[in-house]
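Trainee: Take this structure first; my questions come after.
The values are calculated or read from the model by the stated rules, or taken from the named source; none is laboratory data. Please read these numbers as outputs of a predicted model, since none were measured by experiment. As a convention, Cβ positions derive from the backbone with ideal geometry for all residues, glycine included, and neighbour counts pool all protein chains shown. Side chains included, ligands, DNA and RNA excluded: accessible areas come from the protein's heavy atoms. Shrake-Rupley method; radii C 1.70, N 1.55, O 1.52, S 1.80 Å.
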2 protein chains.
Amino acid sequence: MKPSIPKGTRDFGPEEVRKRQYLFAIIREAFVRFGYEPVETPSLENLETLTGKYGEEGDKLLFKVLTHVAGEEGPTAKRGLRYDLTVPFARFVVMHQHQLRFPFKRYQIQPVWRADRPQKGRYQEFFQCDADVVGSPSLMYEAELVSLFDQVFTHLGIPVRIEVNHRMLLAGMAVVAGLEDQFTSMTTAVDKWDKIGPEGVAADMERRGISPAKAAHLLEILQHNDLEYFRDLLADSPIGTSGIEEMDVFLRYLAITPTRNPVVFTPLLARGLGYYTGCIFEVKPEGEGMGSIGGGGRYADLTGIFGMQGMPGVGISFGAERIYDIMEARQLFPSDLTGTLKILFAALDSEAHHYAFGALQQVRNAGIPADLYPEPDKLKKPLKYAADRRIPFVAIAGEAELALGHFMLKDMTKGTQESLPLAEIIQRLS
Amino acid sequence: MKPSIPKGTRDFGPEEVRKRQYLFAIIREAFVRFGYEPVETPSLENLETLTGKYGEEGDKLLFKVLTHVAGEEGPTAKRGLRYDLTVPFARFVVMHQHQLRFPFKRYQIQPVWRADRPQKGRYQEFFQCDADVVGSPSLMYEAELVSLFDQVFTHLGIPVRIEVNHRMLLAGMAVVAGLEDQFTSMTTAVDKWDKIGPEGVAADMERRGISPAKAAHLLEILQHNDLEYFRDLLADSPIGTSGIEEMDVFLRYLAITPTRNPVVFTPLLARGLGYYTGCIFEVKPEGEGMGSIGGGGRYADLTGIFGMQGMPGVGISFGAERIYDIMEARQLFPSDLTGTLKILFAALDSEAHHYAFGALQQVRNAGIPADLYPEPDKLKKPLKYAADRRIPFVAIAGEAELALGHFMLKDMTKGTQESLPLAEIIQRLS
């Protein structure tokens, strides 16, 4: 009879929710300032919308939901829970294409569900925070999204390195190294660089059937991180040259909006996802061996999976759960988060309790989160209650205060107290 | 291949999301000011947490989710989607009882899912907005929750009537009318008063086996709506007298916090839910035959279903979907909702486009949502784009503006335009 929650899911208490609200509010505020508009899609999608969109592994991780269909016997699994925000967004764009104006800039902050084996830091229900602009090839959006990353992480207090690369440069390198027919094997291996190092990448490439000589050639290329080197290297590769040209346009826009965090050209940034076709980004916290806390890139075709052609775009995603963990570990959340109670009233007798209840409403009407200990009581219990709820001030009313029209304001941090009229208390807390 | 979403679910586009954010923010802000703290529970609960908690009908409406359990063949339905916010909150209180301080005041704004037959205004996924305080019998909370209703509906611009009653008064009336053994039948019938009128209630009571004489007696009693009448009527009923006494205490607290909307003692307010034991509330929009847009009441036992005794409380719930519909119909949403784009930059040539891109960042850095048309273009397309996205100002840059360090600021509402330096534009929009 002891209740529990499913493995891989979480209850969030008041402090955690306030911290999460703080984090999401900062991300949302930046999305809005940058002209992204909110979209929300249902948690339940038709299973056929989801199936086959996330690879074989993804299909296994879809949560299926039973529904009764009229006239059919027994429930059937015709729906699934949202697995990411990209496929529902693609469906949204196709379904609402005639109401939308392109380029369409949307942000979406919603939970997704994955039937993954639960483990530390991996949950079956977690939030994604995405922004995408679709319907324009302009590289100014790449620059603005890098700037958005820069501003949000500056605001959050997490120094980061923003790595950028271009899938066409990777394609050019593949040509140079003779790997154009093994491009996916190559990028999949290179994508693991951070985890397994160059030797690991070489071994992985060989395991995937890439010759040691070609692997070595590619690794030699990847020692470089100067765009000018690649401009020369790829001069004869049309796709490589296109990549260089796009990088130039992107970097010119970027130069107009100086960032506080370093933006680093990183030729070995590959991004596993096959659907990226242009600039790609990844955000890494400085000074950690940790994985990325943000990423994204340009794709040529968002909506082809739903039969609508010619919808290019570029998007980014914040790794909210990891960002939360970093902020928690580094104590980056403000101590006076919005929604924290500012003052508790307490009364010594019934008369004073009604007096305090009236004062309470005035404080609340002034926009200050406030509460009243529910019963007249000796001070011990209300003070303990205030301490437990970490309320910084207690306003006490007894006969003496009532006669004066005052409250005894106790500063719980300093331990001092002072008899004051209510107006003065409201002013101090405002 | 045409994508669709399940019946009973909804996509929300930018304007709808902004309106929903506005509504939820007002409710949340009031919850916070009144000292309620946020809690969030997982969308997925163990099926055994949910089953049997919502009656036979409710069990049928639970969405069941399939999971693979290691070592078992085939998927099984061991989880369900959150059906309301009360049962998960009860589970939360039991599981976290040793970390919580009582009285514990929580608010929760999250979606719930019901496998209901979809129809106009009834969805399979919708938000609930609840606030509850548990662990105290104090009637000051009843008064504060009525005040909270009053403030939120005032803020939203919906004049309402807040109906209040007390389950013990209903119990006393049952005693007087000789219906104490048919209390549930009586309250279930009376609960339909708004829909079926007194004759309908009488017929419904008779159908439930209540004698016509007793039904007529009860209806006669229910013609009255003066608390003093009930004070006399119930003087010999201990439970009725307790109800009167609680109403007195509640009304004394309420008198300290005058409301803008009428709070009306309504003896025929019954609230269908059996678990209410004290004061009950319902909020109805003035001047409509519509149902309630808020409600709540006191209960003696939140957590008994999970084996934890002695946890009384009082709570309210906002009918967010209905409130939204009323606000939409009456055009109560502000036209300049937070997050609406304020200005679009447009450039006539590539040089001006980079110039505008730099200005764009400065406007955004000043906290103003802003955008830039992605390509240099004749003005026709950017102006149409601004009109379609309902952006009130367009700042145009061509050779002349670039030379001056200005932008031509076009007011899309008035149709006027003016050449201005950027600083001036930022000041006007701030």
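Trainee: In the stretch A:367-384, how many residues are more than 9 Å from chain B (Cβ to nearest Cβ) and surrounded by fewer than 18 Cβ atoms within 10 Å (Cβ to Cβ)? Walk me through how you get there before you give the answer.
Mentor: Step one: filter the stretch A:367-384 for residues more than 9 Å from chain B (Cβ to nearest Cβ), giving A:376-383.
Cutting the leftovers down to surrounded by fewer than 18 Cβ atoms within 10 Å (Cβ to Cβ) gives us A:377-381.
Of the residues in that region, 5 qualify.
Trainee: Do we find a residue being more than 7 Å from every other protein chain (Cβ to nearest Cβ), out of contact with any Cys (no Cβ under 6 Å at 6 or more places or on another chain), open to solvent by less than 20 Å² (accessible area, probe 1.4 Å) and among the hydrophobic types (A, V, I, L, M, F, W, C) anywhere in the stretch B:29-40?
Mentor: Let us first name the residues in the stretch B:29-40 that are more than 7 Å from every other protein chain (Cβ to nearest Cβ), namely B:29-31, B:36.
Cutting the leftovers down to out of contact with any Cys (no Cβ under 6 Å at 6 or more places or on another chain) gives us B:29-31, B:36.
Now narrow it down to the ones that are open to solvent by less than 20 Å² (accessible area, probe 1.4 Å): B:30-31, B:36.
Adding the requirement that they be among the hydrophobic types (A, V, I, L, M, F, W, C) leaves B:30-31.
Yes, there is a match, as at least one residue in the stretch B:29-40 is more than 7 Å from every other protein chain (Cβ to nearest Cβ), out of contact with any Cys (no Cβ under 6 Å at 6 or more places or on another chain), open to solvent by less than 20 Å² (accessible area, probe 1.4 Å) and among the hydrophobic types (A, V, I, L, M, F, W, C).
Trainee: Name the residue, out of A:209, A:200, that is in the same structural domain as residue A:253 (by TED's automatic domain parsing) and open to solvent by 30 Å² or more (accessible area, probe 1.4 Å). Can you show your working first?
Mentor: Values: A:200 fails: open to solvent by 30 Å² or more (accessible area, probe 1.4 Å).
Going through A:209, A:200 in turn, the sole match is A:209.
Trainee: If you don't mind, another one. Could you figure out which of (1) in contact with a Gly (Cβ under 8 Å, 6 or more places away or on another chain); (2) open to solvent by less than 10 Å² (accessible area, probe 1.4 Å) isn't true of residue B:99?
Mentor: In the conditions (1) in contact with a Gly (Cβ under 8 Å, 6 or more places away or on another chain); (2) open to solvent by less than 10 Å² (accessible area, probe 1.4 Å), residue B:99 misses (2) alone.
Trainee: Would you pick out the residues in the stretch A:58-76 that are part of a strand (DSSP E or B) and at pLDDT 90 or above?
Mentor: If we filter the stretch A:58-76 for residues that are part of a strand (DSSP E or B), which is where we start, we get A:64-67, A:76.
If the condition is that a residue be part of a strand (DSSP E or B) and at pLDDT 90 or above, then A:64, A:65, A:66 are the ones that fit.
Trainee: Next question, about the same structure. Which one is nearest to the chain's Cα centre (by Cα) among residues in the stretch A:127-155 that are within 30 Å of residue A:9 (Cβ to Cβ) and surrounded by 20 or more Cβ atoms within 10 Å (Cβ to Cβ)?
Mentor: Step one: filter the stretch A:127-155 for residues within 30 Å of residue A:9 (Cβ to Cβ), giving A:127-132, A:149, A:152-153, A:155.
So of that shortlist, the ones also surrounded by 20 or more Cβ atoms within 10 Å (Cβ to Cβ) come out as A:129-132, A:149, A:152-153.
Working: A:129: 4, A:130: 7, A:131: 10, A:132: 13, A:149: 10, A:152: 10, A:153: 11 Å.
It comes out as A:129.
Trainee: Also, I was wondering about something else. For the stretch A:58-80, which residues satisfy the criterion of being more than 7 Å from chain B (Cβ to nearest Cβ) and aliphatic (A, V, I, L, M)?
Mentor: A:61, A:62, A:69, A:70
Trainee: For the stretch B:322-339, what are the residues that are hydroxyl-bearing (Ser, Thr, Tyr) and surrounded by 14 or more Cβ atoms within 10 Å (Cβ to Cβ)? Break it down stepwise before answering.
Mentor: First, pick out the residues of the stretch B:322-339 that are hydroxyl-bearing (Ser, Thr, Tyr): B:324, B:335, B:338.
The one that is hydroxyl-bearing (Ser, Thr, Tyr) and surrounded by 14 or more Cβ atoms within 10 Å (Cβ to Cβ): B:324.
Conditions (1) touching a residue at least 60 places away in the same chain (Cβ under 8 Å); (2) assigned by TED's automatic domain parsing to the domain that holds residue A:144; (3) within 26 Å of residue A:272 (Cα to Cα), marked per residue:
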{"residue": "A:7", "(1), (2), (3)": "yes, no, no"}
{"residue": "A:31", "(1), (2), (3)": "yes, yes, yes"}
{"residue": "A:38", "(1), (2), (3)": "yes, yes, no"}
{"residue": "A:75", "(1), (2), (3)": "no, yes, no"}
{"residue": "A:84", "(1), (2), (3)": "no, yes, yes"}
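Trainee: Across the stretch B:114-143, what is the total count of residues that are facing chain A (nearest Cβ under 8 Å) and either in a helix (DSSP H, G or I) or more than 22 Å from residue A:353 (Cα to Cα) (or both)?
Mentor: 6
Trainee: Suppose the filter is within 11 Å of another protein chain (Cβ to nearest Cβ) and surrounded by fewer than 23 Cβ atoms within 10 Å (Cβ to Cβ); does residue B:305 pass it?
Mentor: On the way: within 11 Å of another protein chain (Cβ to nearest Cβ): yes; surrounded by fewer than 23 Cβ atoms within 10 Å (Cβ to Cβ): yes.
So residue B:305 fits the description; yes.
Trainee: Could you go through the stretch A:340-363 and let me know if any residue there is open to solvent by 60 Å² or more (accessible area, probe 1.4 Å), more than 37 Å from the chain's Cα centre (by Cα) and farther than 24 Å from residue B:147 by Cβ.
Mentor: Checking the stretch A:340-363: not a single residue is open to solvent by 60 Å² or more (accessible area, probe 1.4 Å), more than 37 Å from the chain's Cα centre (by Cα) and farther than 24 Å from residue B:147 by Cβ.
Trainee: Applying the selection to the stretch B:410-426, what residues are within 37 Å of the chain's Cα centre (by Cα) and open to solvent by 50 Å² or more (accessible area, probe 1.4 Å)?
Mentor: Those that are within 37 Å of the chain's Cα centre (by Cα) and open to solvent by 50 Å² or more (accessible area, probe 1.4 Å): B:412, B:413.
Trainee: Of all residues in the stretch A:325-346 being β-branched (Val, Ile, Thr) and facing another protein chain (nearest Cβ under 10 Å), which is farthest from residue B:103 (Cα to Cα)? Working first, answer last.
Mentor: If we filter the stretch A:325-346 for residues that are β-branched (Val, Ile, Thr), which is where we start, we get A:326, A:338, A:340, A:343.
Then keep just the ones that are facing another protein chain (nearest Cβ under 10 Å); that gives A:338, A:340, A:343.
On the way: A:338: 21, A:340: 16, A:343: 16 Å.
Applying the filter and picking the extreme gives A:338.
Trainee: Still on this structure, please answer the following. Has the stretch B:43-58 got at least one residue that is of a type outside the set (Gly, Ala, Ser) and closer than 30 Å to residue A:386 by Cβ?
Mentor: no
Trainee: Any residue in the stretch B:96-110 that is within 9 Å of another protein chain (Cβ to nearest Cβ) sitting within a Cβ distance under 8 Å of a residue that is at pLDDT below 95 and surrounded by fewer than 19 Cβ atoms within 10 Å (Cβ to Cβ)? List the pairs, counting only those 6 or more apart or interchain.
Mentor: Here the result reads B:101/A:388; B:101/A:389, each pair linking the stretch B:96-110 to a residue that is at pLDDT below 95 and surrounded by fewer than 19 Cβ atoms within 10 Å (Cβ to Cβ).
Trainee: If you don't mind, there's one more thing I want to ask. Looking only at the stretch A:331-380, which residues are at pLDDT below 95 and of a type in the set (Val, Ile, Thr)?
Mentor: A:338, A:340
Trainee: Restricting the search to the stretch A:212-261, which residues are open to solvent by less than 40 Å² (accessible area, probe 1.4 Å), in contact (Cβ under 8 Å) with a residue 40 or more places away in the chain and away from chain B (no Cβ under 14 Å)? First the steps, then the outcome.
Mentor: From the stretch A:212-261, those open to solvent by less than 40 Å² (accessible area, probe 1.4 Å) are A:215, A:218-219, A:221-222, A:227, A:230, A:234, A:237, A:240, A:243-244, A:247, A:250, A:253-254, A:257, A:261; that's our starting set.
Retained after the next criterion (residues that are in contact (Cβ under 8 Å) with a residue 40 or more places away in the chain): A:218, A:221-222, A:230, A:234, A:237, A:240, A:243-244, A:247, A:250, A:253-254, A:257, A:261.
Of everything in the stretch A:212-261, those that are open to solvent by less than 40 Å² (accessible area, probe 1.4 Å), in contact (Cβ under 8 Å) with a residue 40 or more places away in the chain and away from chain B (no Cβ under 14 Å) turn out to be A:218, A:221, A:222, A:230, A:234, A:237, A:240, A:243, A:244, A:247, A:261.
Trainee: Yes or no: residue A:290 open to solvent by 10 Å² or more (accessible area, probe 1.4 Å) and either over 27 Å from residue A:122 (Cα atoms) or within 14 Å of chain B (Cβ to nearest Cβ) (or both)?
Mentor: Values: open to solvent by 10 Å² or more (accessible area, probe 1.4 Å): yes; either over 27 Å from residue A:122 (Cα atoms) or within 14 Å of chain B (Cβ to nearest Cβ) (or both): no.
No; evaluated as a whole, the condition is false for this residue.
Trainee: May I ask you to verify whether residue A:22 is among the aromatic types (Phe, Trp, Tyr) and either assigned to a loop (DSSP other than H, G, I, E, B) or facing chain B (nearest Cβ under 8 Å) (or both)?
Mentor: Numbers: among the aromatic types (Phe, Trp, Tyr): yes; either assigned to a loop (DSSP other than H, G, I, E, B) or facing chain B (nearest Cβ under 8 Å) (or both): no.
Taking the combined requirement at face value, the residue does not satisfy it.
Trainee: Give the residues of the stretch A:189-216 that are under 27 Å from the mean Cα position of the chain (by Cα) and part of a loop (DSSP other than H, G, I, E, B), sorted by residue number.
Mentor: A:191, A:192
Trainee: Contact list please: Cβ distance under 7 Å, first residue in the stretch B:145-174 and within 13 Å of chain A (Cβ to nearest Cβ), second residue among the β-branched types (Val, Ile, Thr) and part of a helix (DSSP H, G or I), pairs at least six apart or on different chains.
Mentor: So the pair list comes out as B:152/B:26; B:152/B:27; B:155/B:26.
Trainee: Hey, another quick one. Give the residues of the stretch A:1-19 that are open to solvent by less than 50 Å² (accessible area, probe 1.4 Å), more than 7 Å from chain B (Cβ to nearest Cβ) and either assigned to a helix (DSSP H, G or I) or closer than 24 Å to residue B:342 by Cα (or both), sorted by residue number.
Mentor: Taking the stretch A:1-19 first, the residues open to solvent by less than 50 Å² (accessible area, probe 1.4 Å) are A:3-6, A:8-14, A:17-19.
From what's left, more than 7 Å from chain B (Cβ to nearest Cβ): A:8, A:19.
Scanning the stretch A:1-19 gives a single hit, A:19.
Trainee: Could I ask something else about it? For the stretch B:313-422, give me every one of the helices (runs of 4 or more DSSP H) that falls completely inside it and has 2 or more residues that are in the same structural domain as residue B:21 (by TED's automatic domain parsing), farther than 30 Å from residue B:119 by Cα and acidic (Asp, Glu). Write out each step before concluding.
Mentor: Working: elements: B:320-329, B:350-365, B:380-388, B:399-404.
Once the helices (runs of 4 or more DSSP H) in the stretch B:313-422 are filtered for at least 2 residues that are in the same structural domain as residue B:21 (by TED's automatic domain parsing), farther than 30 Å from residue B:119 by Cα and acidic (Asp, Glu), nothing remains.
Trainee: Quick one: residue B:264 ticks every box in (1) outside any strand (DSSP E or B); (2) open to solvent by 10 Å² or more (accessible area, probe 1.4 Å); (3) touching a strand residue (DSSP E or B) at 6+ places or on another chain (Cβ under 9 Å) except a single one, so which number is it?
Mentor: Answer for residue B:264: the failing condition is (1).
Trainee: Regarding the stretch B:42-57, can at least one residue be identified that is assigned to a strand (DSSP E or B), touching a Ser or Thr at 6+ places or on another chain (Cβ under 6 Å) and either free of Cβ contacts under 8 Å to residues at least 60 places away in the same chain or more than 7 Å from chain A (Cβ to nearest Cβ) (or both)?
Mentor: Filtering the stretch B:42-57 down to residues assigned to a strand (DSSP E or B) leaves B:44-46.
Remaining after also requiring touching a Ser or Thr at 6+ places or on another chain (Cβ under 6 Å): B:44.
After this cut, where a residue has to be either free of Cβ contacts under 8 Å to residues at least 60 places away in the same chain or more than 7 Å from chain A (Cβ to nearest Cβ) (or both) as well, the list is B:44.
Yes, because at least one residue in the stretch B:42-57 is assigned to a strand (DSSP E or B), touching a Ser or Thr at 6+ places or on another chain (Cβ under 6 Å) and either free of Cβ contacts under 8 Å to residues at least 60 places away in the same chain or more than 7 Å from chain A (Cβ to nearest Cβ) (or both).
Trainee: Look through A:186, A:173 and report the one residue that is in the same structural domain as residue A:37 (by TED's automatic domain parsing), at pLDDT 95 or above and part of a helix (DSSP H, G or I).
Mentor: Details: A:186 fails: at pLDDT 95 or above.
A:173 is the lone residue from the list that is in the same structural domain as residue A:37 (by TED's automatic domain parsing), at pLDDT 95 or above and part of a helix (DSSP H, G or I).
Trainee: Within 11 Å of chain B (Cβ to nearest Cβ) and open to solvent by 10 Å² or more (accessible area, probe 1.4 Å), is that true of residue A:389?
Mentor: Details: within 11 Å of chain B (Cβ to nearest Cβ): yes; open to solvent by 10 Å² or more (accessible area, probe 1.4 Å): yes.
The answer is yes for residue A:389.
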